[in-house]
Amino acid sequence: MTGTAPVIRPLATVHLREALAAAADGRAPAALAALMHIDPESWQAIEQRLAALGTTVLDALALAARTGGTQ
């Protein structure tokens, strides 16, 4: 894939949402399992988009865990 930005596949968004919800509920193993289902191209796109917002996946998970997903 040359010259095109990575794309977040729809299923990857579902897995990311599941991971954030699991983190918010204090279910770390379920959060990790959901993240492990995200394909490499989607990972790259997620990381790029979060970096543009000044954050990381770990920061997003930590925020979800601290706030119960309300922030």
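The table that follows gives values for the structure above.
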{"item": "Sole exception among (1) under 22 Å from Arg66 (Cα atoms); (2) modelled with pLDDT under 95 for Thr2, by number", "result": "(1)"}
{"item": "Spans of helices (runs of 4 or more DSSP H) in the chain with at least 2 residues of a type in the set (A, V, I, L, M) and open to solvent by 80 Å² or more (accessible area, probe 1.4 Å)", "result": "28-36"}
{"item": "Hits in segment 12-27 (condition: among the aliphatic types (A, V, I, L, M) and without any contact (Cβ under 8 Å) to a residue 24 or more places away in the chain)", "result": "Val14, Ala22"}
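The values are calculated or read from the model by the stated rules, or taken from the named source; none is laboratory data. This one's a predicted model, so the numbers in the text were calculated from it and none came from an experiment. Note that we place each Cβ from the backbone using ideal geometry, even for glycine, and neighbour counts take in every protein chain shown. The area values use the complete protein model at the heavy-atom level, side chains included, leaving out ligands, DNA and RNA. Shrake-Rupley method; radii C 1.70, N 1.55, O 1.52, S 1.80 Å.
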